[in-house]
Amino acid sequence: MPFLIFSQDDLLAEIDVDSIQNNYTIATFKGLKIVNFESTKLVAKKELTLVVSHRFGSIENGFDSFFGLDDAVTRLNFIYGITDGFNISVSRSSFQKIYESAIKYRIARQSENGFPFTLVGYHSLFINTALEKDNLPKLEFKHRLGYTTQLLISRKLNTNLSVELAPTYFHDNYVTIDSQDNSQFAIGLGGRYKLGKRWSLNMDYGWHWNRAENSPFKNPLSFGVDLETGGHVFQMHFTNAQAMNTNGFLGQATGDWSDGNIYFGFNLSRVF
Amino acid sequence: MDKKNIILMYAILIVLFDCTNASENDLIDQTEVSESVTYIQDVQPIINNNCIVCHTNPPENGAPMPLLTYDNVKDAVENRGLINRISSQDLSFLMPFGGPRLPQNLIDTIIQWEADGLLEE
């Protein structure tokens, strides 16, 4: 019995030491994504995380497609931590059969009496394998490619509220709308409000700066909740974008909140 | 691999492929649609390239009906809203499912086919 008591003291002492040495702000975001946008969280060194995402079809079709269950798109995303501050990822999405690979790295970290923001860089390259030469006779491999470059700036304002700003440049080598610039700019706005020990309310919005006037696509707006269970973060949300890659949800969101044309979705992340 | 190698790899990839600026009009054939559109000549190739992966017989991946024959396709245009499904901008309603939307010239071909009376040949 005395031994057990002693060992508990020991653990408590370690916790104290740790919190004195490290004054970095922790848990700004609990998921690797806010809803659609990348958060400033990274995967730890030598850890592999799988994020499985689904976006169902439009809920406005009701029971005909069981509120979108029949029309789901899926993305499997593996993220590996080379170091605590440098991650690589590969993913495949059933939305236009897109393969994507990305790097994500931390530039600066918010700390209690130090730098006020966490800065993270994110770059990705994708290949759209759904484009068909039969339909587009002059299609070449380069037309399948697209790029994203993003700076993620986050700040945990207090225990409960974290916010993020994400200036984004993205380029699609092929766009369907003839008057749309292939190079596109957007600003992402996101936040997380903690409602309890295990759950929080999340939202993000993508403000596209140079969308073509006749474009049928909309800015993506999403609301959701994060639910933490042991080893999992479960994010459930409503969004008007069905695509899950950055170029997809910023450039090709088709839903519309004003007429109920929105999609239910979730991101489930599992650390191995 | 360390950080520098990976950043270098990405830089090389981006330089290698470079950015191009293409849109739908750049990649389609700009030929005029023939006098009158027929199933054998114009429609069947579009259906075969895009639809019969799932709309085969028996249909796969939850597709409700085949699109293998002239009668199948005619029925889908007349009774199943095929033209609405392929021309929708709502990605969760659009066919082929998951996108991308067919190039507009191919959609127009099928609309023209209906207007011409759904001729077989």
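Key figures for this structure:
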item: Dipole axis of the stretch B:24-115 (+1 Lys, Arg; -1 Asp, Glu on Cβ), positive-most option in B:L106, B:F93, B:V37; result: B:F93
item: Shielding by partners - mean other protein chain Cβ count within 10 Å, residues of A:142-149; result: 3
item: log10 of Debye I(q)/I(0), alpha-carbon scatterers only, for the protein assembly as shown at 0.07, 0.09, 0.14 Å⁻¹; result: -0.38, -0.60, -1.24
item: Cα-projected label distance for B:Q41 with A:I127, points at 7 Å along beta-carbon direction, nm; result: 3.9
item: 11 Å beta-carbon shell around B:L82, net charge (K/R +1, D/E -1); result: 0
item: Relative packing of peptides A:96-105, A:247-256 - highest average C-beta neighbours within 10 Å first; result: A:247-256, A:96-105
item: For chain B: relative contact order, % (alpha-carbon pairs under 8 angstrom, 6 or more apart); result: 27
item: Sum of side-chain charges, A:T148 neighbourhood, beta-carbon under 13 Å (Lys, Arg +1; Asp, Glu -1); result: -2
item: Estimated FRET transfer efficiency when R0 is 45 angstrom, pair B:V53-A:Y24 (beta carbons, to 0.05); result: 0.35
item: Potential extension, A:I187-A:W207 segment - 0.36 nm per residue separation minus Cα distance; result: 6.7 nm
item: A:K138 versus A:L119: modelled label distance in nm, points set 7 Å from Cα along the beta carbon direction; result: 4.2
item: Sequence of B:I111, A:I34 once ranked by neighbouring C-beta atoms within 10 Å, starting from the fewest; result: B:I111, A:I34
item: Set A:K45/A:K218; A:K41/B:K4; A:K97/B:K4; A:K33/A:K133; A:K197/A:K218 screened for pairs whose C-alpha atoms are more than 28 Å apart; result: A:K45/A:K218; A:K97/B:K4; A:K33/A:K133; A:K197/A:K218
item: Helical mean residue ellipticity (222 nm; -39500 (n - 2.57) per DSSP H run of 4+; nearest 500) of chain A; result: -3000 deg cm²/dmol
item: Residues B:Q112 and B:D29, FRET efficiency given R0 of 22 Å [Cβ-Cβ distance, rounded to 0.05]; result: 0.90
item: Efficiency of FRET from Cβ geometry, A:V52 and A:V225, R₀ 22 Å, rounded to 0.05; result: 0.80
item: Top of A:G188, A:G68, A:G260 by mean-square fluctuation, Gaussian network on chain A, Cα under 10 Å; result: A:G260
item: Cα shape, chain B, gyration tensor, a/c 1.5 rule; result: prolate
item: Pairwise label distance in nanometres, A:F66 with A:T83, each label 7 Å out on the Cα-Cβ vector; result: 4.7
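Coordinate-derived values only; no laboratory data. Quick caveat, the model's predicted, so the values are computed rather than measured. Because the Cβ atoms are built from the backbone with ideal geometry, glycine has one as well, and the counts that use them run over all protein chains shown.
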